[in-house]
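Chemist: Please find one structure pasted underneath; my questions will follow.
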Amino acid sequence: MAAVSGAFVVSQTSLSSSKHHSPSSSPTMLLGVRAFPTNSKTTRGLIRCQLSSSSVSALQQLKKSAFDRYTKERSSIVVIGLSIHTAPVEMREKLAIPVAEWPQAISELSALNHIEEAAVLSTCNRMEIYVLALSQHRGVREVTQWMSKRSGIPVSDICQHWFLLHNKDATQHLFEVSAGLDSLVLGEGQILAQVKQVKEKLRNGFGMVIPGLFEKAITAGKRARAETGIASGAVSVSSAAVELALTKLPPGSASSAVMLVVGAGKMGKLVIKHLVAKGCTRMVAVNRNQERVAAIQEEMPPGVEIVYKPLDEMLACAGEANVIFTSTASETPLFLKEHVETLPLPAAARLFVDISVPRNVGSCVAELEGTQLYNVDDLKEVVAANKEDRARKAMEAQDIITEETKKFEAWRDSLQTVPTIKKLRRKTDRIRADSVEKFMSKYGKDMDKKTKEAVEDLTRAMVNKILHGPMKHLRCDDTENRPLPETLENMEALNRMFELELELLEEKIRAKMEQK
C-alpha cells in the first residue's frame with residue numbers, strides 16, 4: 001500500500017508460493033533447533049488493499065466483503081531470523097543493525113501495512129525480527145522485503161538461510177534464546193543482557209504484546225539460570241576467543257606473545273579480563289578514546305599493564321603484535337589485505353581473532369603468508385566440549401521454558417477481551433450521548449444546569465448497570481474464576497450482538513493510517 005488516504009478496495013487474489021514451497025520438492029526449512037516441512041500449498045487467498053477514488057469508505061467495503069479473515073483471526077506473533085546455526089557470518093554482518101538504530105528499525109517495521117508491533121534482536125550470533133502481524137503471510141513478505149532492501153541481500157537468499165516461527169513456537173524460541181539455550185555457547189549470559197536492551201528500546205509506545213513478550217523472556221532467562229545452574233562454568237564468546245588464540249600459538253610462546261585488543265567496549269573488556277585470567281600481564285588496547293581503557297585498567301589486579309594507543313596507531317601496533325583481537329562496532333573492515341601485507345613479518349604466525357559482526361577483518365587477510373584469521377563462526381570447535389557437560393542442565397531449563405511459555409500465552413489470551421471491552425464501552429456511551437443530546441434539544445431549554453447534570457449522571461449510571469453483567473463475563477483477571485474459553489466465547493458473542501468486529505477492524509485501519 002503506497003499511501004493511506006482515500007478508501008480501500010478489498011478483493012480476493014491468489015499468491016503463488018516461492019520455489020521453497022514447491023510441492024514437488026517439499027524441502028525442510030530449519031526452524032530454530034527444530035525442523036519442519038514447508039507448506040506444500042501453492043496458492044492462498046489474500047486480501048488486496050489498493051487506493052480507490054471511490055467515495056465508499058473502507059468500512060463499507062469490508063461490510064460487503066465475505067472475506068473477513070482480519071475480523072475472525074487474531075494477530076500472530078512471528079519471528080523471522082538468521083543465526084549462527086543457519087547463516088554464515090558473511091550474511092549476518094550485512095543484516096546486522098547497530099543498537100543505536102534499533103528504534104528507527106522498529107518504527108519502520110511497525111509502519112509496514114500488515115505489521116502492528118515489532119522488535120529487533122541483532123547480535124554477533126543472530127539477527128531476529130519479532131513482529132505482531134495482522135496477516136502471517138503478508139507480514140512475513142513485507143518484513144523480508146524490508147530486510148532485503150536494507151541489507152542488499154536478495155529475498156531468495158534470505159529465505160534459504162532463515163528460520164520462521166509463529167505464535168507459541170516463536171514465544172518458546174525467544175525464551176530459549178534468553179536462557180542461553182540457543183547460543184553458540186550454551187548458557188552464556190550476554191544474550192540475556194541483549195534481550196534486556198531490546199526491552200528498554202520498546203519502552204516508549206511500541207505496543208503491548210511484543211514488549212510483554214520480551215519482558216516475559218527476561219523472566220524465563222533469569223529463572224533458567226537461577227534454578228538449573230546452566231550458566232555455571234559457561235564459556236563466553238570472549239573467553240572462547242582467548243582459548244582459540246592460545247591453542248593456535250606455537251607451543252611455549254603464549255607467555256611472550258604480544259597481545260593487541262582493538263576496541264574497549266563490552267566485548268573488548270571481557271577479552272582483556274580473560275587474557276589476564278590466563279596469565280597475560282601486559283597488552284595493548286587501541287580505542288577511540290583513552291577513558292574506557294583507563295576505566296578497565298582500574299579494574300585490573302596489581303601487576304597488569306594495559307597500554308593505550310589511539311586509533312591512528314592501530315596498524316603500527318598490529319605490526320608488533322602476535323595476536324590481534326578485534327571487537328568494534330565499525331560497519332566497515334579495519335584490516336584489509338593491503339593494510340596487513342605492508343606490516344613486517346612476525347617471528348611466529350600473526351593471529352587475527354575477529355569477534356565482531358559486521359567483521360572488522362576482511363576475509364582476504366587470510367591469504368597472506370604467516371597470517372591466520374578466525375571469526376565468531378570458528379569458535380564452535382572451542383565450545384563443543386564445553387557444551388556436552390551442560391546439555392543435561394538444558395533439559396531442566398526446558399521445563400522452565402515450557403512453564404513460562406504457558407504463562408505468556410495465558411496473559412496474551414487475556415488481552416483479547418481488552419479491545420472488546422473498550423469498544424463496547426465507547427459504543428454504549430456514544431448511544432447514550434446521542435440520546436441525551438436529542439432529549440436536551442427538545443426539552444432542555446427550560447432546564448437549569450443542575451437538572452441537566454442530573455440527566456447526564458442518571459443516564460451514565462443506567463449504562464453502567466446495563467454493562468455490569470457483560471463486563472463481568474469479559475474479565476480475565478483473578479477476580480473472576482472463569483475458564484478462558486468461556487470468556488472468549490462471551491467476547492465473540494458480544495462482538496456479534498453489538499456489531500463490534502467491524503469497529504475493531506476500522507480501528508486497526510485507522511491506526512495504520514496514522515502511522516503512515
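Chemist: Quick check: the distance between the Cα centres of region 392-428 and region 107-143, to the nearest angstrom?
Modeler: Centre-to-centre distance over Cα atoms comes out at 20 Å.
Chemist: How large is the direction-averaged shadow of the alpha-carbon convex hull of region 91-166, in nm²?
Modeler: About 4.6 nm², averaged over all directions.
Chemist: Same structure, new question: Checking the a/c ratio against 1.5 first, then a/b against b/c, what shape does the Cα gyration tensor give for region 237-374?
Modeler: The shape class here is oblate.
Chemist: What does the accessible area of THR342 come to, in Å² to the nearest 10, when a probe of 1.4 Å is used?
Modeler: Rounded to the nearest 10, that gives 100 Å².
Chemist: Run down the aspartates and glutamates and flag those whose C-alpha is under 14 Å from the C-alpha of LYS168, throwing out any fewer than 8 positions away in its chain.
Modeler: List returned: GLU176, GLU403, GLU404, GLU409, ASP413.
Chemist: Residue-wise, which Karplus ³J(HN,Hα) couplings in Hz belong to region 126-140, taking 6.51 cos²θ - 1.76 cosθ + 1.60, θ = phi - 60°, and x for glycine or proline?
Modeler: Couplings: 7, 9, 10, 10, 9, 9, 9, 10, 5, 9, 4, 5, 5, x, 4 Hz.
Chemist: Can you put MET147, MET395 in order of accessible area, largest first, using a 1.4 Å probe?
Modeler: These residues rank, largest area first, as MET395, MET147.
Chemist: Another one. Going down the list LYS337/LYS380; LYS449/LYS472; LYS273/LYS393, which pairs span over 32 Å between their C-alpha atoms?
Modeler: LYS449/LYS472, as the Cα separations exceed 32 Å there.
Chemist: Consider just the alpha-carbon atoms of region 311-370 and return their Rg together with their Dmax, both in angstrom.
Modeler: 10.7, 31
Chemist: With a 1.4 Å probe and all protein chains in place, put ASP446, ASP399, ASP413 in order of accessible area, largest first.
Modeler: Ranking ASP446, ASP399, ASP413 by accessible area, largest first, yields ASP446, ASP399, ASP413.
Chemist: Of LYS423/LYS452; LYS199/LYS266; LYS149/LYS222; LYS216/LYS266; LYS407/LYS427; LYS445/LYS465, which pairs sit farther than 30 Å apart, going by alpha carbon to alpha carbon?
Modeler: LYS149/LYS222; LYS407/LYS427
Chemist: Follow-up. Just the accessible area for PHE206, please: 1.4 Å probe, Å², rounded to the nearest 10?
Modeler: Surface open to solvent at PHE206 totals about 40 Å².
Chemist: Dividing the alpha-carbon radius of gyration of region 72-228 by 2.2 N^0.38 Å (N being the number of residues), what value is obtained?
Modeler: 0.96
Chemist: Let me ask something else about it. What figure in square angstrom, to the nearest 10, would you give for the accessible area of SER122 with a 1.4 Å probe?
Modeler: Answer for SER122: close to 20 Å² accessible.
Chemist: Of HIS468, HIS166, which has the most accessible area and how do the rest follow, probe 1.4 Å?
Modeler: Output order, biggest surface exposure first: HIS468, HIS166.
Chemist: Summing +1 for each Lys or Arg and -1 for each Asp or Glu, what net charge is found among the other residues whose Cβ lies under 14 Å from the Cβ of VAL143?
Modeler: -1
Chemist: Can you tell me which aspartates and glutamates have their Cα less than 13 Å from the Cα of LYS269? Leave out same-chain residues fewer than eight positions away.
Modeler: GLU291, GLU298, GLU299
The values are calculated or read from the model by the stated rules, or taken from the named source; none is laboratory data. Bear in mind the structure is a predicted one, so any value in this text is a computation, not a measurement. Virtual Cβ from ideal backbone geometry, glycine too; neighbours counted across all protein chains shown. Accessible surface areas use protein heavy atoms only, side chains included; no ligands, DNA or RNA. Shrake-Rupley method; radii C 1.70, N 1.55, O 1.52, S 1.80 Å.
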